[in-house]
Each structure stands twice: as C-alpha cells, then as structure tokens.
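The values are calculated or read from the model by the stated rules, or taken from the named source; none is laboratory data. All values derive from a computational prediction rather than experimental measurement. Reconstructed Cβ throughout: ideal geometry from the backbone, glycine too, with neighbour counts over all protein chains shown. To get the accessible areas, we keep the full protein, side chains included, count just its heavy atoms, and leave off ligands, DNA and RNA. Shrake-Rupley method; radii C 1.70, N 1.55, O 1.52, S 1.80 Å.
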Amino acid sequence: MIRKSQSITNKLWSCSAVLGLLLLWQGVCSAGIIEAYLLPSPISVGRALITEFPALMEHGKITLKEAFAGLFLGVVLGFLIAVIMDRFHGLYRAFYPVIVLTQTIPTVALAPLLVLWFGYEMTPKIILIVLTTFFPVAIGLLSGFQSVDPDEVTLLRSMGAGNVSIFRYIKLPGAMGQFFSSLRISASYAVVGAVISEWLGGFGGLGVYMTRVKKAFAFDKMFAVIILISVISLLLMKGVDYLSKKCMPCEQI
Amino acid sequence: MVHLKAEGIKKSFDGRTILDGVSLELKEGELVSLLGASGGGKTTLFQILAGLSLPEEGHVFIGEREVTGKPGNVSYMLQKDLLLPYRTVIDNVALPLLLSGMRKKEAREKAAGYFELFGLEGTEKKYPSQLSGGMRQRAALLRTYLFKRPIALLDEPFSALDMLTKHAMHEWYLKVMEEIKLSTLFITHDIDEAILLSDRICLLTGSPGKITKEILIKEPKPRSAEFHLSEEFLEYKREITKHLLDGKIR
C-alpha cells in the first residue's frame, strides 16, 4: 500500500516536471525568443502529430514490422549463442571476443554496407537489427547460465539428472531475470536500429519519413515522428515488463 | 543387513590427500553420524558416497551392488536447502519425481500427499522465500524423501537453524525416519546433535582423514529430553571431545 502511494507520488513528480518543461518550451516559442522554423512549439508539434497521423501510422507499421522481425530473430540467435557457448567452453573462449568485437562496429557505418549487399528492401534492415539485438540477449543469458549455484547442479546430479534436465530446471529458469533485463535493452535497440537503417535507404518506414521531412525543413513533423518513436520504444519496454511479470510469478511476492 | 558400505576410500585434491583408507557401513534403519572438524573431508566423502565424485582407491556398495561413481542411488541433502526460488514449494519437492520421468500433474498429486506428514500443509502454492527456515528445511527433506532411495546422506541439514527449531526438527526427523524406514548417514560438527540422534558415531580425524573411532550410543530410542542432561550423555560427549581434540593436537 505504502509502495503504491509512493509510486503515485513519484509519478506525480515526474509528470509535473515534464509538464513544466513543455510550458517553458511553449513560452520560449510564443515569446519569439527562438524562431519558429528552428524550434517548433509543442502546440505545432501536436498539430503535426494529428494531421500527419495516417502517414505516421503507415510508416510506423513498416518500422514495427522490421523491429519485431529483427528482434525475434535476434533473440533466437542470442539464445542459441548463449546455450552453445555455455555448453562448450572452448567455443566460449574462442568466440566471446569476436562477439564483443561485432558490437564495436558503429551501426551507422554498417548500415550502408548492408544496403549495398542486400538492397533497399527489408532484408538489410532486419539483419542490422539482429546484429544489434542478439548481443544483450546472448550476454545476459550467458551470465545467467553461469551464475547458477553449483550446489543446485550438484543436487540435481545426485538425483541422476543429465545436462538437459539441469538446463531445463536450473539454468534456464535461473537466467530468466537477466534474460528479461537484456530483452528490455534489445527491444529499444530494435526500434532505433530500424529507424537508423531506414535513414540510409528504403521505401517506407519512420526513418524514411524522417529524412523526407528533414529535407523539407518541416521541423514540427520531425519532432512529431521523434515523439512517436519514443512512444513505440516505451510501449515495447512495457510489453517486455508485462511479459517478465507473467513469466516470473515468484518475483511478485 | 548392511545397506551402504564404503571400503578403503582414498581421495586427494591438488596432491594433498584428503581421505585415506576410509571405510564405513550403514545398516538398515540405522542413523550414523560422521563427526569431525571442518575441512576434514566429510563433504568429500559424502560426494563419493553419492557417486558425484570418483575416489582414487576404494569402492562403494549398496547391498551387493557396486555404485562407485554412479549418482542417483542415494538421496543427498546439502547444508543449504537449495529450494529453487522460482518454483513453488510443491514443484520444488516434486522435482525428483519429474526427473524420474513422471508427468507434472501426477507428480504434484503424489507430492501433495506427503505435505501433512512433513508439516508443510498449506504451503503448496507458496514460494520458498515465503517459508521460515525450519519449513524450508522440511520441504528440502520431503524432496529428498520423494527421491525414494532407502538411504539418505544429510550434510549438516540443521546447522543453519536456531536451537529451538533444531530440537523440534530432530524429534520430527527421527519420527519420520521411523515411519518411512530410512537409513541415514549424517554429517555434523555439532557433538550434541550427533549424540542425540545417532545409533553410532564415526569420528573422522587427522590429515589425511581416517575414521579413527566408532562410538555406539546405547540409549534406546526415542530418547527423552532428560537424556540430553544425563551423566551418560556427558560421558559420551567427554569421550568424543577428547578424541577429536587429541586428533587435532597430533
């Protein structure tokens, strides 16, 4: 009860902070301190959001499709990598540095190459998202697998359990907490990754829309799409939170 | 009838011999304690008896069958209760049934039948973190029991409990053991506990560890609360303490 009322107070504080910033922003724009073509006011951004809503939804659908496909494949890949590396220690030592290396390549540098190799359709975009999303999942799961209590493993072995049972009853459920915090990160990467890959070439999607309105100097629309992207990321993260609560009922006590 | 027998067990780690020529026997329905200083190789010996670790020399038998290095033949319970935090109590205790290939529903039903005997009624749907220390330990014992092996190896199962809970658990354990015809080999470093519970106490001393003395506790079971305060009890305690200390000094 106390926790609940505390979280309501917390929300009240953050909401009023956001509201205050918006008011300040509107004030600065209305007073003409910053020119309207440089910084659109919150009201004009809101108006753009409403008038552009059908177009935004159309492009949003494409971006979401890419993000989901990429995230799904990325999670599958991350999961497989984690399982294999956990099982075969030699592979872990050989490939862990390589996997870390893949993450040092800037997404923006990789995207044009992928476009060159795979064209302007969905494939290069999904590949880019897979490349950015598999990593947190693989690392999170791997450290989850490796942090299981060795005594729990001993206990199951004493009951005659083999590797599959140990994985199923101890390692997998024990790594769920880490899996979901990684999935949260991957989900936000997926949306951002989709938008970035669309910047560099494509026929539709929020990134394509963004480049178009930027070229037209329609900054109100630019802000509108930024807000939409943030909202999508937030919703995805909330979705992951919901899923983690469903999958880990023991955390709810 | 001899149930579990170990002969001439030798084991070393990193060139240091931990156990050398350890032999012991556990008869049906008997409770034998293994008493010794920490780090004296008690847990190592248990892992060998449970088949989790291979000795360099020596053999382990259950009845006539050799089980050296073969896990899954005895119930093994460690100091920590090791209830898995993300499984409900019933799913935790039903784990050995699931591992033996039983279906989930059937396993749950079977496990639920023992909750009263183990004083766990009403906790089926709870998570381990919601139980008290004593309850958790009882749940761990039920899990050990459901593994359905007539021999249990318990590695300091009650050492984390407060004195009163420990006493209650002792009485309860002896009762349950009687009821389900269990033979128990028990590790402890608590001399009082060993005298109260055991039919026989084996003292594991020295480095490398050897069983240097066996003491028969003749007091009939069930033992009354008075026994704990009697002259005989103290005599046993004196004998054991002296032997353990001698072993240490030497």
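Numbers at a glance
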read-out: Residue that is most open to solvent (accessible area, probe 1.4 Å), among those in region B:53-79 that are modelled with pLDDT under 90 and in contact with a helix residue (DSSP H, G or I) (Cβ under 6 Å, 6 or more places away or on another chain); value: B:P71
read-out: Residue match in region A:155-162 (condition: among the hydroxyl-bearing types (S, T, Y), open to solvent by less than 10 Å² (accessible area, probe 1.4 Å), within 12 Å of chain B (Cβ to nearest Cβ) and within 20 Å of B:Q79 (Cβ to Cβ)); value: yes
read-out: Residue within region A:181-194 that is of a type outside the set (A, V, I, L, M) and farther than 28 Å from A:L114 by Cα present; value: yes
read-out: Odd one out for B:L161, checked against (1) in a strand (DSSP E or B); (2) free of Cβ contacts under 8 Å to residues at least 60 places away in the same chain; value: (1)
read-out: Residue within region B:68-83 that is more than 13 Å from chain A (Cβ to nearest Cβ) and under 18 Å from B:I9 (Cα atoms) present; value: yes
read-out: Top-ranked residue of region B:87-98 - restricted to ones that are in a loop (DSSP other than H, G, I, E, B) and surrounded by 20 or more Cβ atoms within 10 Å (Cβ to Cβ), ranked as nearest to the other protein chains (Cβ to nearest Cβ); value: B:T88
read-out: Checking A:L172 against (1) more than 27 Å from A:S44 (Cβ to Cβ); (2) under 12 Å from the mean Cα position of the chain (by Cα), the condition it does not meet; value: (2)
read-out: Sole exception among (1) over 30 Å from B:N73 (Cβ atoms); (2) surrounded by 15 or more Cβ atoms within 10 Å (Cβ to Cβ) for B:L229, by number; value: (2)
read-out: Test set (1) surrounded by fewer than 23 Cβ atoms within 10 Å (Cβ to Cβ); (2) modelled with pLDDT under 90; (3) more than 10 Å from every other protein chain (Cβ to nearest Cβ) - B:R103 fails condition number; value: (2)
read-out: Condition met for B:G122 (out of contact with any strand residue (DSSP E or B) (no Cβ under 8 Å at 6 or more places or on another chain), on the phi > 0 side of the Ramachandran plot and either open to solvent by 50 Å² or more (accessible area, probe 1.4 Å) or among the hydrophobic types (A, V, I, L, M, F, W, C) (or both)); value: yes
